[in-house]
Amino acid sequence: MDDNRTHLTKDGIRLYAPGDFAGMHVAGQVAADILDRIAPLVVPGASTSEIDKAIEDMIVEAGAVSATIGYKGYRHASCISVNHVVCHGIPSEKTLHDGDILNIDVTVIVDGWFGDTSRMYVAGKLGRKAERLIQVTHDALFKGIEAVRPGNTFGDIGHAIQAYVEAHRMSVVRDFCGHGLGRVFHAPPNVLHYGRPGTGPVLEDGMFFTIEPMVNLGRPETKVLADDWTAVTRDKSLSAQFEHAVGVTPDGCEIFTLSPAGKFHPTWN
Ligand code: MF3
Ligand code: CO
Ligand code: CO
């Protein structure tokens, strides 16, 4: 039963009950399983809208609902962000070329719970610079996840990510952030992927949120194209992103969106 006497922290962050983790786990696994199963479709010559169509079919087949179709006027079951697109890339008839890297981001609703996750794919042969960017971005997400435990702060998460990325001479995007989720798609807090240790709201058992760092090979600045969605790097450098949804437990966190097939890591193939 959903508890309407919702407990919000002083920062307006909802604390979910222990029994709520199961719903988030199911939603997260539906989204992650779809990301596993589309991997073979990411090949040179494929269009991003055909990948999106496959995602939409898989969501329906799973008995789930797309959280993005109809969200603020968005019309697709995924965001597909190729090369210098940072996030919110709109699926289109444009085809993938050998060496393209892309983030595919899927959010589903299962029994009212939101599962939101994204990861990187490559069409054809992965280049050296792109491989490094993808690896650093992946590892930065896990540096952030390692900082998730009661008593730590959101600034600790952001700092862990930023320090790792900048040590590798790459940059963290400031213009987009992770977010609380659960029974809703986007809720407080804003989960920044940069910051100072000990700052920001204190993490508590029962908080559900995403961590979804975007990392650029060049400068961090972005701009949104005339379609009002597509965010690109201003300097046209390559960008990468990975996203997990997590729930804070008494001794750390549960990652709701782990890949059932172990394909999340960029070296899956
Ligand atoms: N899934 C994205 C996120 O991580 C949000 C996409 S909203 C859309 O928060 F409308 F662009 F699909
Ligand atoms: Co998200
Ligand atoms: Co997402």
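Here are a few things to note about the model shown:
- For segment 245-252, putting each phi into the Karplus relation 6.51 cos²θ - 1.76 cosθ + 1.60 with θ = phi - 60° gives couplings of 9, 10, x, 6, 10, x, 10, x Hz, in residue order, rounded to whole numbers and with x for Gly and Pro.
- The loop-placed trypsin sites (Lys or Arg not before Pro) in segment 157-232, going by DSSP, that have at most 11 neighbouring Cβ atoms within 10 Å of their Cβ come out as 169.
- Rounded to the nearest whole Hz, the Karplus-based 3J(HN,Hα) values (6.51 cos²θ - 1.76 cosθ + 1.60, θ = phi - 60°) of segment 37-50 follow the sequence 6, 8, 3, x, 7, 8, 9, x, x, 6, 8, 6, 6, 6, with x at glycine and proline.
- Here is the size of segment 20-255 from its Cα atoms: Rg then Dmax, 16.7, 48 Å.
- Accessible area in square angstrom per residue, segment 210-250, 1.4 angstrom probe: 37 Å²
- With all protein chains modelled, accessible area of residue 113 [1.4 Å, Å²]: 20 Å²
- Summarising the amide proton neighbourhood of residue 87: residues at separation of 5 or more, or on other chains, whose placed amide H is nearer than 5 Å comprise 231.
- Coordinate range along principal axes, alpha carbons of segment 1-115, Å, largest first: 51, 30, 24
- Loop-located trypsin sites (Lys or Arg not before Pro) in segment 105-155 whose Cβ has at most 11 other Cβ within 10 Å (DSSP): 125
- Nearby aspartates and glutamates by direct alpha-carbon distance to residue 223 (threshold 13 angstrom, same-chain neighbours under 8 apart not counted): 175, 235
The values are calculated or read from the model by the stated rules, or taken from the named source; none is laboratory data. All values derive from a computational prediction rather than experimental measurement. For neighbour counting, all protein chains shown are included, and Cβ atoms are generated from backbone atoms with ideal geometry for every residue, glycine included. For the accessible areas, the whole protein counts, side chains as well, though only heavy atoms, and no ligand, DNA or RNA atoms are used. Shrake-Rupley method; radii C 1.70, N 1.55, O 1.52, S 1.80 Å.
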